[in-house]
Amino acid sequence: MDAGLDKVDAIFEKETAIIDGVDISGPWNRMFKERVIWEYTPELIDKVADLPGGESFAWCYQCAKCIPVCPVDMVGNYGPRKLYRMAQTGTDLHKSEELWLCTTCANCLRVCKKVVDMVQIMPAVREQAVLDGNVPEELQKAFEDTAKFGNPLGQGQRKRAAWTKKSDVPVPIMKKHGQPVDVLWYVGSYPSYHPRGIDAALAAARIFNALGIDFGILGPEEKDDGDTQRLAGESGLFEMLAEHNIAMFNKYEWNTLVVTGPHELNAFKKEYPKLGFDRSALHYTQFLVQHLDQLKPMLKHEIKATVTFHDPCYLGRHHGEYDAPRELLRAIPGLELVEMGRCRENGYCCGGGGGGMWLDSFTQNHTTMRLSERRVLEAVAYGAEILAVCCPFEVSRFEDAAKSTGNDQLKVLDILELLDQSMRG
Amino acid sequence: MNIVVAIKHIPSLADELEVNDEGTNLDYDMVDFVLNEFDEQAIEQAVLVKEASGGAVTVVGVDVIEELDGVLHTALAKGADKAVKIVGDLEPGIDSHTHARWLADAIKEMDADIILTGVQAADDLDGQIGPMLAAHLDMPYLGVVTGVEVAHRVATLYKEYAGGMMGKYAVSLPLVVGVQAATKPPRYAPISKIRQIAKTAVIEEIEVDDDGPGAAVMLRKMSPPVSTGHANMLPGDAEAVAEKIIAIIKERGLL
Ligand code: SF4
Ligand code: SF4
């Protein structure tokens, strides 16, 4: 990767230069000296840009604005400019391990004047890599489990609603419920199966019940939304899951679709419509904020703590929602909300997006620390006692990171859990 | 070379297993079925042999709950050339004797040079399909194999023994191999490829009659194990826990 523009050693000018009979003597005749540019491999840039979705890769003009905002670069050596340069100097992105590091967080896209879009480029190239059989082992396992069981955790499809047995309030399952609901709550895989995700799901069920919301869940008829698998290169798996979920959404009568996770929000709002799903969705923070007047008086118990909020990439940058989660947190009495330096539009990524959730060991070989660890250190530096989140990928990621960085005192809680605590004491 | 893989569709252990109301077997309505994971290894090994030495791979299985197509499409996406399913008016819980007889009858028509099958399956753990196939087909059998190579009609088979010993066998074709693990981890079949294949692939069907249990053994009663002991969780931080562990070890005279 060292063939750089700085390789041009001396500017060399002929006193007279006559090319094809034209006298081009003058300061600019240096243009005709062979330079290092002839060593470039534009075909490897084209290989990416020729893919549907990969086009913008070729637009990069190497300004490097993307590098300081790339969360992976902060713990390693990464970013669109560097990937372009690598391709230019001989790296085939299709076969390179670098292909799997981007979390599709979209922070580079925010600052790129040339609209080089990793959120499109990465899945396009990864799809080819998957078809060629180049998938990191950990990721392959997540794909296989999702294909077999409908969730990347490898748990039984029939057990998807097992968490509701722990609920002290009713959680109607559409198939048995047998009547229309106002809110169809798409729970998601991690809140259905992961122990810490279940805590958030139970909290949500209590909040919905307290607000008197007429809601239902799909339970065993719900499958993973598949969007993160799509971004990791498995578009066929995504389509299979989407077709299933769309059929289930259309099977029942409901008014509003509410999701626990930002990745599901992205799936249902941006990707499922391409497959014929024509209804919108709300993240739970957006939905609850609509009920804030009703919710506020219920938040009786103080939570005396300094809390910071981690903007999920797929709620913030991808869907422009920064305020709803903050309004909910501010409604909790006693709670002091502090902002981290990297917040809102410039929010740091937890490392879970774009398949990162299932590539932790793989990524470790390319970074000095996990993105989640970097983020936890930032939260601690801002004096937070609680790191509040609202994406089901994050609770387990940040809890692990708090432990591994020796910050066990930092609590990681979903906003749902905080609201529930404030309601119940 | 005709490479045949005999596979088995079995209840998924990711599900909570429940016993039926009669207490005679699993409640098969309450479980999903998956491909036996040793058969997954057998398919991979078969495709590796084909890639190294040429030939065609045929995958054959009994379609117990009429959901075997997905498994067969996946095998085709991974490199198998032909898929065959044994169908009929079947109920789950078919014993391995019957399974082996049906598979052997089907394989007899395939002019097989080498037959690979998972060394055992999680549903009965009896590891009988391979040996019984070999008996029906009058071929030699070697099980718990972790690597297969074929050249000049001789199969070189690797088998791991306890204590880090490795056995290497040379067996003339035809033969039946019980695969413990393929030389490489099973490859990934992209779903788009599987779906593409599902649209065009023709799965050959062989009809059988379920004429009752094939072995003298019949399952009379099944129940979840009764827990006899329980684990003691030691509360406290690492140091406190360590002290308690030492105290317990001393108390029981284990040192
Ligand atoms: S900001 Fe855009 S144009 Fe500039 S280096 Fe990065 S990708 Fe290239
Ligand atoms: S999308 Fe995020 S992780 Fe990927 S290159 Fe851009 S800034 Fe880096």
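Nothing in this text is a laboratory measurement; each read-out follows from the coordinates by a stated rule. This is a predicted model, so every value here is computed, not measured. We place every Cβ from the backbone using ideal geometry, glycine too, and count neighbours over all the protein chains shown.
Seen from residue B:206, the other residues with C-beta closer than 13 Å to its C-beta sum to a net charge of -3, counting Lys and Arg as +1 and Asp and Glu as -1. Counting Lys and Arg as +1 and Asp and Glu as -1, what is the net charge of the other residues whose Cβ lies under 10 Å from the Cβ of residue A:225? With Lys, Arg at +1 and Asp, Glu at -1, the neighbours total -3.
Derived scalar couplings between HN and Hα for the range A:105-118 equal 6, 6, 6, 5, 4, 4, 9, 7, 5, 9, 6, 6, 10, 5 Hz in order, rounded to whole Hz, by the Karplus curve 6.51 cos²θ - 1.76 cosθ + 1.60 (θ = phi - 60°), x for Gly and Pro.
Beta carbons within 10 angstrom, averaged per residue: use that to sort the peptides A:81-89, B:201-209, highest first.
Values: A:81-89: 21.4, B:201-209: 12.6.
Result, highest mean first: A:81-89, B:201-209.
Once the convex hull of all Cα atoms in the range A:141-229 is built, its volume per residue stands at 93 Å³. Each 5 Å bin from 0 upward holds the following percent of the Cα-Cα pairs of the range A:231-331: 2, 11, 19, 20, 17, 12, 9, 6, 4, 1.
Could you grab the relative contact order for the range A:40-132? Cα pairs under 8 Å, six or more apart, rounded to a whole percent. Write out the running numbers ahead of the final one.
Details: 132 pairs, mean separation 34.2, N = 93.
Relative contact order of the range A:40-132: 37 percent.
Cα centroid separation, the range A:204-249 to the range A:347-406: 24 Å. Farthest towards the positive end of the charge dipole of the protein assembly as shown, among the residues A:102, B:121, A:254, is the Cα of A:102, using unit charges on the Cβ of Lys, Arg, Asp and Glu.
For the range A:223-263, taking Cα atoms only, Rg and Dmax work out to 11.2, 33 Å respectively. Working note: Karplus 6.51/-1.76/1.60 with θ = phi - 60° gives the range A:373-383 the couplings 5, 4, 5, 4, 4, 5, 4, 5, 4, 8, x Hz, where Gly and Pro are set to x.
Under a 5 Å amide H cut-off, with hydrogens placed 1.01 Å from N, residue A:414 pairs with A:389 among residues at least 5 apart or on other chains.
Please compute the Kirkwood hydrodynamic radius over the range A:151-289, one decimal place, Å, based on all pairs of different Cα atoms. Write down the numbers at each step before the final one.
On the way: mean 1/r = 0.0669 Å⁻¹.
Evaluated over the range A:151-289, this radius sits at 15.0 Å.
If you take the Cα centroid of the range B:192-250 and the Cα centroid of the range B:1-16, the two points sit 15 Å apart. Where a ≥ b ≥ c are the square roots of the eigenvalues of the C-alpha gyration tensor, would you call the range A:40-132 rounded, which needs a/c under 1.5, or, failing that, prolate if a/b is larger than b/c, or oblate? Because its axes are fairly even, with a/c under 1.5, the range A:40-132 counts as rounded. Net charge of the neighbourhood of residue A:111, taken over other residues with C-beta under 13 Å away and scored Lys/Arg +1, Asp/Glu -1, is +3.
For chain A, adding -39500 (n - 2.57) for each run of n ≥ 4 DSSP H residues and dividing by the number of residues yields -10500 deg cm²/dmol at 222 nm. If you take the charge dipole of the protein assembly as shown about its Cα centre, with +1 on Lys and Arg Cβ and -1 on Asp and Glu Cβ, which of A:388, B:145, B:68 is farthest toward its positive end? Positive-most Cα among the choices belongs to A:388. Translational D (Stokes-Einstein, µm²/s) of chain A at 10 °C and 1.306 mPa s when Rh comes from the Kirkwood sum over C-alpha pairs? Result for D is 68 µm²/s.
Do the sum for chain B: with -39,500 (n - 2.57) for every DSSP H run of n ≥ 4, divided by all residues, what is the mean residue ellipticity at 222 nm, to the nearest 500 deg cm²/dmol? Mind dumping the intermediate values first?
Details: 6 runs with 73 residues, N = 255.
Value at 222 nm, helices only: -9000 deg cm²/dmol.
Note on residue A:14: lysines with a C-alpha under 24 Å away, same-chain residues under 8 apart excluded, are A:33. Among A:186, A:40, A:314, the largest mean-square fluctuation in a Gaussian network model of chain A, built with springs joining Cα atoms closer than 10 Å, belongs to A:40.
For the range A:96-204, the Cβ-based charge dipole about the Cα centre amounts to some 560 debye (Lys, Arg positive; Asp, Glu negative; other atoms uncharged). The H on the amide N of residue B:143, modeled in the peptide plane, is under 5 Å from the matching H of B:178, each at least 5 residues off or on a different chain.
Evaluated at q = 0.10 Å⁻¹, the base-10 log of the normalised Debye intensity for chain B, with identical point scatterers placed on the Cα atoms, takes the values -0.57.
Enter the mean number of other protein chain beta carbons within 10 Å of the beta carbon of each residue in B:27-39, as an integer. Show your work: numbers first, answer last.
Working: counts 0, 0, 0, 2, 2, 6, 0, 2, 1, 0, 0, 0, 0.
Partner Cβ neighbours, averaged per residue: 1.
Computed log10 I(q)/I(0) for the range A:350-425 at 0.16, 0.18, 0.28 Å⁻¹: -0.58, -0.71, -1.32, from the Debye equation with unit scatterers placed on every C-alpha and solvent omitted. Positive end of the dipole of the range A:212-354 (Cβ unit charges, origin at the Cα centre): among A:219, A:303, A:347, the Cα lying farthest that way belongs to A:303.
Placing unit charges on the Cβ atoms only, positive for Lys and Arg and negative for Asp and Glu, gives chain A a dipole magnitude near 1020 debye about its Cα centre. Ordered by the number of other Cβ atoms lying within 10 Å of each residue's own Cβ, fewest first, B:16, A:127, A:243 fall into the sequence B:16, A:243, A:127. Dipole magnitude for the range B:95-167: computed about the Cα centre from +1 point charges on Lys and Arg Cβ and -1 point charges on Asp and Glu Cβ, it is near 240 debye. In the range A:200-254, one over the average inverse separation of all distinct C-alpha pairs is 13.0 Å, which is the Kirkwood hydrodynamic radius.
Determine the shielding of peptide B:179-191 by partner chains: average, over its residues, the number of Cβ atoms on other chains within 10 angstrom of each Cβ. Provide the component values of the computation, followed by the final result.
On the way: counts 0, 0, 0, 0, 0, 0, 3, 2, 3, 13, 6, 13, 14.
Mean shielding by partner chains, rounded to a whole number: 4.
Phi angles across the range A:142-157 convert, under the Karplus curve 6.51 cos²θ - 1.76 cosθ + 1.60 with θ = phi - 60°, into 3J(HN,Hα) values of 5, 4, 4, 5, 5, 5, 6, 10, x, 8, x, 8, x, 9, x, 4 Hz, Gly and Pro given as x.
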